[in-house]
Structures are given as C-alpha cells and as structure tokens.
1. Counting only protein heavy atoms, what percent of the accessible surface of the chain is carbon or sulfur at a 1.4 Å probe?
2. Points 7 angstrom from Cα along the Cβ direction at Ile232 and Ser334: gap in nanometres?
3. Counting Lys +1, Arg +1, Asp -1, Glu -1, what net charge surrounds Pro203 among other residues with beta carbon under 10 Å of its beta carbon?
4. What number, rounded to the nearest 500 deg cm²/dmol, is the helix-based mean residue ellipticity at 222 nm of the chain, given -39500 (n - 2.57) per DSSP H run of at least four residues and division by all its residues?
5. Run the paramagnetic zone check for Lys359: 7 angstrom along Cα to Cβ, then residues of region 194-212 with backbone nitrogen under 14 Å.
6. Work from the charge dipole of the chain (Cβ charges, +1 for Lys and Arg, -1 for Asp and Glu, about the Cα centre) and give the residue of Thr254, Pro231, Leu32 farthest towards its positive end.
7. What is the calculated FRET efficiency for Lys170 to Lys306, with r their C-beta to C-beta distance and R₀ = 22 Å, to the nearest 0.05?
8. Counting other Cβ atoms within 10 Å of each Cβ, which trypsin sites (Lys or Arg not before Pro) in region 237-343 have at most 11 and sit in a DSSP loop?
Amino acid sequence: MNTYRLICTVVISLLFFLPSFSDAQNSKPLRLGVAGVSHGHLHEVIVRMDRGDFEVVGVAEPDARIRENNGLRKKLDASLFYADLGEMLDKTKPEVVVAYGSIYDHLAVVEACAPRGIHVMVEKPLAVNMEHANRMAKLARKNNILLLTNYETTWYHTNHEAYRLIKDQKEIGEITRINVYDGHQGPFEIGCGKEFTDWLTDPKLNGGGAVIDFGCYGANLATWLMDGQRPIRVYGVLEHQKPYLYTKVDDDATIVVEYPSVVVQIMASWNWPINRKDMHIYGSRGYIYQDNSDEMRIYANRKEVKEQAPKLQAPYNDSFYYLKAAVRGDIQVSPKDLSSLENNLIVVEILESAIKSAKTGKPVRLK
C-alpha cells in the first residue's frame, strides 16, 4: 500500500510540474540561423538581438566580402559565420532560419532547411515566381516545417483594427473596393546599400522591380481581407519612369485584382515623393483609411473620425515574437494569416500574373 501511494504521489507531482517544465523550455531563446546578409532588412535581426527571445547561432553567406562586412559581424563571434548554408545548419542546429538574401535564393534556403526539419521565415515576398513557390511549398509540406513570409505591414496596429472593424463589427458594411499604396522615392534615392540594390534591381534575383518589392504588400493584405480567396483576373501595368536609374526592372507598378464583387488596386512605386504604406478600404456604408501603422480614419454613420489604433499584443505585434511562438507551438498559424504559406502562394500568383499581363497588355485570368 505504501508503495502504491508513493507511485501515485510521484505521478501526481510529475503532472503538476509538466506545465512548468514546458514553460521553461519555451522560455529558452529560439535558436536562430541567418541565411544571407545582403538584404537591407537585416537590421530587423540586429535591433532585436539583445531582447533575449532568440539567439543567433549561425550565419551563412557565400559572398566573402559581404560575409566579412555586415552589421551582424559587430554583434557575433567570427566563428559563427559560414560560407556554406548546409555546413552552418549541420554544425549549429538552428530551430529556424530567417532568409536575408535575394528573393531568388529563398528556394535554395528551403531546399537546405526542409529536409533537415528546420523551419524557415523569408522576407517578403515568398518567391520570385510560381515555379519556385510551388517547389518551396511542396518541400515545406513534405517535411512538415513552417514556411512563413514576413512583411512590415503585418505588424501594423491599424491593419488589424481595420480588419476587426470590418469583419467583427461590420462597421462599413461589405467591402466594395480596396486601394493600397506602397513604396518610396526609390532604393537608390533613399540610399540602400550596394549589396542590397545589386540584386534588388536584377530581374532574375528579385523577380522584377517595384512590382515585386512593393506590389507584394497589397497582394498580401488583399488576400487576407478577402479571406484567402484567389482572384478571378489580374491586370498589370509596369512603367519605367526612371530608365536612367533602373535599367532592367520596372520602377512603378499598378496592379488591378478582380474578385467577384470587389476590385483591388495596388499602386507600388519607387517613384513616390514620400515613403508610404497606406490603404483605403471602401465598404457599402463607409470607408477606413489606414494612414500609417498607428493612425486611421473611419467614415461611418455619415461622419469621419480619426483614431489611434489599439496596440497589438505579443506575440502578434512583432515578427520574431510571432516566429518563436509559432515554432514552439504556443500559437497555430492559420491558412488565412498574413504570414501563412497559403496566403503567400496567392501573393506570388498575383504578382506573376501582373507581370505576364504587363507584357501582353491583357488581363490574366486565373485558372
């Protein structure tokens, strides 16, 4: 009887402490690998390194010059830098890899990580074309890894408040039109580094110019607001407004995305006089203007009100908080989420269709 009681006591004690043990495991920093360092958004890693939610365990960059000269070298020991991605993965054992090279290189990152069971988060967009995107998706699904895409606008308080007001509160009725404005004066004009612009202005390595760089934001948000629907048709107009600077790729793009009862117009440009990432959502009874990450205007009941959007709560307020929570299983990534593989396959399909349309002058009907 005493033995039985002892066993029961031990089992109960273990059950009691299991949640604490799980919490302790999840509280450990995420083991993070970095694939490529040429992307201008690498600062997203650098500015968060001292928070403690992740630890960079290895960096892979094939270009020796860039590998020796980047912002991470000031924060990490030289022994953590590798020329070969596979070697870095095998020696450092990251839980997840974040990709900061060219968009073309995203496929190679997934090809290396997926068979090893390592999750991946790429900078927007997912891929340069549908051929790459489909191969990446097949690898991710076969090997049961997360394949996420990070956008700055995913963490905008106003986008999520607009979504809540439209979907939950029915504040402006049914969506009838969405206009999305994204871009800046141009990567050369705002002083992006040479290692970044070398591939950003290459039609193979980036997949296009402004149409890819900034068109993806609107495609991502539209797919989210339309609950993951694939559009019926896509029409694209790509301009070379500054051919003396951007000789190989478009610097201004207009994408018209047609749904059964909604038209989305995406205006992506390297020729805006200002830096902008704003969106106008029109409904049957009003509109919401998302002016920036914090400020919005809501027209309903025949009056316009300016509001500060409520702050998002962790882990939904930051790409790396979200990444850690998803990898550790604290949250589930929905197919309708902005970062999801499902959403971003549609994004690439929209962008590829816009490029095809611009070449023929005709809309592309999605099968």
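1. 52 percent
2. Placing both labels 7 Å along Cα→Cβ, they lie 2.6 nm apart.
3. 0
4. So the calculated ellipticity at 222 nm is -10000 deg cm²/dmol.
5. Answer for this model: 203-204, 207-209.
6. Pro231
7. Rounded to the nearest 0.05, the efficiency is 0.60.
8. Arg302, Lys311
The values are calculated or read from the model by the stated rules, or taken from the named source; none is laboratory data. Here the structure is a predicted model, which means the values were calculated and not measured. Reconstructed Cβ throughout: ideal geometry from the backbone, glycine too, with neighbour counts over all protein chains shown. Calculation scope for accessible area: heavy atoms of the full protein, side chains included, ligands and nucleic acids excluded. Shrake-Rupley method; radii C 1.70, N 1.55, O 1.52, S 1.80 Å.
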